[in-house]
DNA sequence: TTGGTGTGATTGTTCAACAATAGAGATGTT
DNA sequence: AACATCTCTATTGTTGAACAATCACACCAA
C-alpha cells in the first residue's frame, strides 16, 4: 500500500518527499508564507504524516521552510535582512573563490555551459530557466574552491535565494541583464586575470543585490 | 506518558533530543563508527522511534551522523578527505573574515574572552575545555564577517571537526600550542594590521592541519 | 471596545503493526 | 577447504490510529 503519489523508487526512502517538495518550491507551486498542512500535503504526496514530518525537518534545516512550534511549517518568506545576508555571503565566497582559483580549473567548462544554457533560455523567454542557469554559473564559480562542503552550503543558500526570486514579478529584469555579465567574468578569468574577474563579479553582485532589493521593496511595501 | 528521560521542557519539542545526542557526541559518549539503534537509543532517551528519527534527520544534515539506508545511522567517522576539506574551508573563510573585518568590531572582545578561557582550561589540564574555547575563538573570527548564515555554517563544520578531535589521543598536543598563537593573531588584528593577522592565521591553520592529519594517520593506520 | 471562555482544528508524540531489506548463518556442491 | 546459494532473523522503513497539548477564533459578558 505504500508509495503511491510518489512513484516507487527502489533505492531511496521517503526522503524523495523532500526532493518533491523542493521541486514544488522552486517551481513556484508553493509560495512563501503558505502554510503546509501535514494532513493535506501528506495526502497530496501519498505519504503519512510521520514521513512528511521527517522531510520537513530537512527542509527546515535548509531554511526553505520555517517551523513554528505548535503552529505548523510555512514556506519561508525571505526577509530583507536575509537577502542582504545572502548577498554579503555571495560576495564573500564567490569573489574569493574566483580570486584564488587555480588557472585552467575544470569548473571553467561548467561556467561556459551554464552561460550557453542561459542564452537558450533567454531566447525562449523562459526566465525560470535563465535563473537556473545563472545559479549554475555561480555554483561553478564556488566549485573553483574545490570544497564539497562549501558547494553544499552554496547550493542551500541558492535555494533560499531562489525562493525570493520566485515571489517577485519582473523576472526578465531580474535575470536577463546578467547573462552577458557572466560572460565578461568568465572571459576575465580565462584570460588569466582572476583579480579582474573578482572585481567584475563584485560589481555584478552589488548591482544584482540592488535590483533585487528594489523589486522586493516594490512588491512588499509592508516590509 | 511522554517526556521521561528527557526532562519535560514546556516550550520545545522532541527537538531537544537532537541537542541531547549532540551533547553525547561532543562529550565522547558516542564514538565515531558506532551504530545508533533506533530502539535502543529511543529507549535510553525516553522517546519513540518516530521522534528519534526526526532528530536523526537533523543530525545527518549536519554531518554528525551518517545515514545508510536500510542499515541505520552511524556516528560519522571523519575521513582524511573530510579533514582536508574542513581545513581548506577554514583557511578560506577565517582568513578572509579577518582580512576584510572592520576595525574595532565587537567580535574582538569575544576573541579575547575565548583566549582567557582557553588559558584557564590549560591550567586545569582540561583539554576538552581548551578545545571548546579554541573553537569559540575561531567562531568569533568568522563572526567578523557579520553573516548569520556563515556563522551557522561554521558552527556545523566545527562540530564535525570536534568529532575528529574526539577520536584522537594526545589532546594536549592537539590543543595546547594554539592558545598563544591565538593571542598573536588577536594582537596583530587589534594592532590594526588585518593582513598580517590573516597571514599568521593561515600559517597557524596549516600547522594545525598537519598536526591533526599526523595524529589521525597514527591512530588510524588502516586509513 | 475590552477581556475572558469555550470550542474546534492542528500539531506533537506515542504505539503497534507490517513490508522490505541487509547480513549472518546454514546448506549444499565441487 | 572454497564457493555459491538459500533461508532466517533482526532492524529499518512506513503506515494508520490514537490521544494530549496547544493555538486560533468565534462567542459572550462587562
Practice prompt. Examine the stretch B:9-29 for a residue that is touching a residue at least 60 places away in the same chain (Cβ under 8 Å) and under 21 Å from residue B:211 (Cβ atoms), and state whether such a residue exists.
Written response: yes
Worksheet item: Looking at A:152, A:214, A:159, which is the one that is without any contact (Cβ under 8 Å) to a residue 12 or more places away in the chain and either crowded, with 21+ Cβ neighbours inside 10 Å or within 13 Å of the chain's Cα centre (by Cα) (or both)?
Response: A:152
Worksheet entry | Matching residues, the stretch A:79-95, being in contact (Cβ under 8 Å) with a residue 40 or more places away in the chain and over 18 Å from residue A:155 (Cβ atoms) | A:79, A:80, A:84, A:95
Fill in: Failed item in (1) under 28 Å from residue A:218 (Cβ atoms); (2) away from chain B (no Cβ under 14 Å); (3) part of a helix (DSSP H, G or I), with residue A:77 passing the rest
(3)
Worksheet item: surrounded by 19 or more Cβ atoms within 10 Å (Cβ to Cβ) and over 26 Å from residue B:19 (Cα atoms) - does that describe any residue in the stretch B:99-112?
Response: yes
Worksheet item: So which of A:82, A:37 is surrounded by fewer than 17 Cβ atoms within 10 Å (Cβ to Cβ), more than 10 Å from DNA strand D (Cβ to nearest atom) and either at the interface with another protein chain (Cβ under 10 Å from one of its Cβ atoms) or at pLDDT 95 or above (or both)?
Response: A:37
Fill in: Hey, residue B:46 within 13 Å of another protein chain (Cβ to nearest Cβ) and within 15 Å of DNA strand C (Cβ to nearest atom) or not
no
Discussion item. Here is a check on your reading of the model: is residue A:76 within 16 Å of DNA strand D (Cβ to nearest atom), touching a strand residue (DSSP E or B) at 6+ places or on another chain (Cβ under 8 Å) and within 25 Å of residue B:153 (Cα to Cα)?
Written reply: no
Worksheet item: Hey, does the stretch B:137-153 have a residue that's within 14 Å of another protein chain (Cβ to nearest Cβ), closer than 19 Å to residue B:78 by Cβ and part of a helix (DSSP H, G or I)?
Response: yes
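The values are calculated or read from the model by the stated rules, or taken from the named source; none is laboratory data. Values in this document were obtained by computation on a predicted structure and should not be read as measured data. Glycine gets a Cβ as well: all are built from the backbone with ideal geometry, and neighbour counts include every protein chain shown.
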